[in-house]
Amino acid sequence: MLDLRQIRRVFDTKPWAAHLYVTEQCNLDCHYCNEFNNSIPHPALADLKKWMDHIRKLDVMRLGLQGGEPLKHPDIVEVVRYAKCVGFCKVSMSTNGFLLNRQLLADLEGAGLDELQISVDRMTPIASTRKAMKSIVHKLDWFKDSKVKLNVSGVLFKETLDEMGQVIDTCLDLGIPVGARVVHDDLVHDRALRDASASEPLLRFLEHQEKLKRSGQKIHSTWNLFAYQKKMLRQEPVEWTCIAGYKYFFVSSTGKFWLCSQVRTERHILEITREDLLSYNRKKDCQAGCGVYCTAQASLAVSHPLQYAGREVAGMLASQVSRMRRGKPERIRDLTAAQQDEAPFYEAPAAAASFGSRCQQGNCLR
């Protein structure tokens with residue numbers, strides 16, 4: 001839920017959120033990712049502070065710390081602390097979780113980190129993505145007594161469909177908000193990453209997540225984002241104006257101003273003015289089929305605020321009604337089993353299907 005200050009950002013002309021790459025180095029090499037470069041050194045803490053000062057002076061309210069893998073930066077705790085000190089109302093971070101330990105989580109909490117998103121694509125690693133649940137599941141329990149809000153997010157594509165359902169079920173069994181979003185194309189290297197042959201299974205998976213959310217499960221997505229992704233997969237037009245570079249922008253680990261993760265400029269963030277940001281309040285040639293969902297979602301809210309709010313309220317009301325009527329909690333495995341006439345997008349053996357419940361008993365894979 002947004003507080004009043006953030007709601008104002010939907011209607012005013014000030015920037016809303018920014019993502020800062022605290023490093024572009026990463027300990028993994030997922031095939032779909034174009035946001036890591038191990039040849040670029042970590043930016044100095046002093047430079048990161050200057051960039052955060054300027055971002056805040058531009059009136060940005062929310063800051064997301066990105067990578068690469070942000071936990072690789074040796075001063076990541078101080079980066080979080082400084083971000084809170086200069087007045088960002090929300091500071092979040094995205095990580096693959098491999099480098100997280102109990103002490104680091106405690107330090108990040110003490111520094112004021114509001115939210116941590118752990119990216120998990122499958123139960124087990126494969127060549128295209130090693131972000132596997134078995135590598136981090138024992139760490140999820142650490143958040144029970146932490147002030148840091150946790151959510152798990154996966155990238156949904158042909159090679160993750162077989163196990164993404166188990167990832168979602170495991171998180172729901174543990175009471176952790178979770179969601180999977182369709183992979184976006186790589187505009188930096190002109191790579192089409194969405195496989196047209198997987199569109200129907202991807203659509204079904206999105207619809208199953210919607211059904212779980214409607215039944216009151218902790219699916220970490222908005223109703224608007226579900227609707228947007230389904231239209232994107234069906235290649236249906238969406239009327240909106242992209243606010244990348246205007247209300248939502250990115251800053252690279254070398255201080256370069258990027259409209260989003262896929263559209264980059266060579267201008268330095270310290271050169272950017274409010275007038276520069278206002279100049280990007282326009283439609284973009286690349287916005288059709290855009291998969292940079294943080295930007296797309298904010299753009300939908302700014303472009304059609306009443307429609308956006310209406311869809312969210314309708315979804316919440318439907319969920320309230322469904323919760324009053326439901327029996328036992330539903331899972332992806334239940335929805336898949338109910339569609340015997342359709343080819344499942346994953347086969348869940350009995351051992352895997354009970355993975356989440358075994359985790360609660362302390363019998364987690366390591």
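The values are calculated or read from the model by the stated rules, or taken from the named source; none is laboratory data. Please read these numbers as outputs of a predicted model, since none were measured by experiment. Neighbour counts are summed over all protein chains in view; Cβ atoms, including those assigned to glycine, are modelled from backbone coordinates with ideal geometry. Just so you know, the surface numbers come from the protein's heavy atoms only, side chains and all, with ligands and any DNA or RNA stripped out. Shrake-Rupley method; radii C 1.70, N 1.55, O 1.52, S 1.80 Å.
Summing charges over neighbours of Leu206, with a neighbour being any other residue whose Cβ is under 12 Å away from its Cβ, gives +4 when K and R count +1 and D and E count -1.
Pick out the long, greasy-scoring helices in the chain: whole DSSP H runs spanning 27 Å or more along their own axis by Cα, mean Kyte-Doolittle at least -0.5.
Span-like helices, by this rule, are 305-325.
Taking the alpha carbon gyration tensor of the chain, multiplying each eigenvalue by 5 and rooting it gives semi-axes of 32, 24, 20 Å, largest first.
In segment 1-84, inverting the average of 1/r over every pair of distinct C-alpha atoms gives 14.1 Å as the Kirkwood radius. PRE reach from Arg264 (point 7 Å along Cα→Cβ): which of segment 82-110 fall under 11 Å by backbone N? Once the point is set 7 Å along Cα→Cβ of Arg264, nothing inside segment 82-110 turns out to lie under 11 Å by backbone N.
Cys242 contributes an accessible area of around 10 Å² to the protein surface, as traced by a 1.4 Å probe with all chains present.
Summing Lys and Arg as +1 and Asp and Glu as -1 over all other residues whose Cβ lies under 13 Å from the Cβ of Arg9 gives a net charge of +3.
Summing Lys and Arg as +1 and Asp and Glu as -1 over all other residues whose Cβ lies under 10 Å from the Cβ of Gln262 gives a net charge of -2.
Counted residue by residue at 0.36 nm each, then reduced by the alpha carbon distance between them, the extension gain from Thr241 to Leu104 reaches 45.4 nm.
Solvent-accessible surface (1.4 Å probe) assigned to Asp185 amounts to roughly 40 Å².
Would you please classify the overall shape of segment 118-257 from the alpha carbon gyration tensor, given that a ≥ b ≥ c denote the square roots of the eigenvalues, rounded means a/c under 1.5, and beyond that prolate means a/b larger than b/c while oblate covers the rest?
In terms of gyration-tensor shape, rounded.
Bridge orientation summary for the chain: considering DSSP beta bridges with both residues in this region, about 15 percent are antiparallel. The mean sequence separation of alpha-carbon pairs under 8 Å and at least six residues apart, normalised by the residue count of segment 201-268, gives a relative contact order of 16 percent.
Listed by chain and number, the lysines placed with their C-alpha closer than 23 angstrom to that of Lys247 are Lys14, Lys49, Lys50, Lys57, Lys84, Lys90, Lys256, Lys283, Lys284; residues fewer than eight positions away on the same chain are left out. Remark: accessible surface ordering of His304, His73, His189 (largest first) is His189, His304, His73, probe radius 1.4 Å. Charges were assigned to the Cβ only: +1 to each Lys and Arg, -1 to each Asp and Glu. The resulting dipole of the chain about its Cα centre is roughly 980 debye.
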